[in-house]
Amino acid sequence: MKTINIICYLATLYLVSLFVRSVILPKVRQWLYNCKEKQLLKKGNKKFYFEKNKVIVFAHTQKQANAKYKKMKSNLKKRHHAILEQNRKQA
């Protein structure tokens, strides 16, 4: 009888964790993103879109937005190359 109770307890915990990961966490992330976006817009920043509206950059001018976008892309490339280099060393 104790094993059934333990199994039911673990199954319930698993279902609760699935619910939290699939429903609550995305809502919290979206809420935090909306709060951050409102703060940036209040400071006078504007939205600038790149890559067919897939990437949003907040900046005061188009020039600043272009610079931030280029920096973001270069950091992403550096990180990608570092991961590839690490995988080559492991293989």
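The values are calculated or read from the model by the stated rules, or taken from the named source; none is laboratory data. In this text, all values refer to a predicted model and were calculated from it rather than measured experimentally. We place every Cβ from the backbone using ideal geometry, glycine too, and count neighbours over all the protein chains shown. These area figures cover heavy atoms from the full protein model, side chains too; ligands, DNA and RNA do not enter into them. Shrake-Rupley method; radii C 1.70, N 1.55, O 1.52, S 1.80 Å.
Any residue at all in region 42-60 that's out of contact with any Pro (no Cβ under 8 Å at 6 or more places or on another chain), open to solvent by less than 100 Å² (accessible area, probe 1.4 Å) and in a helix (DSSP H, G or I)?
No, there is no match, as no residue in region 42-60 is out of contact with any Pro (no Cβ under 8 Å at 6 or more places or on another chain), open to solvent by less than 100 Å² (accessible area, probe 1.4 Å) and in a helix (DSSP H, G or I).
Here are 41, 84: which of them is in contact with a strand residue (DSSP E or B) (Cβ under 9 Å, 6 or more places away or on another chain) and at pLDDT below 95?
The unique qualifying residue is 41.
Residue pairs, Cβ under 6 Å, 6 or more apart or interchain, first in region 34-49 and under 12 Å from residue 62 (Cβ atoms), second assigned to a helix (DSSP H, G or I). List them.
As it stands, the answer is 48/65, since those pairs meet every condition given.
Can you name every residue in region 1-32 that is open to solvent by less than 100 Å² (accessible area, probe 1.4 Å), at pLDDT below 95 and hydroxyl-bearing (Ser, Thr, Tyr)?
3
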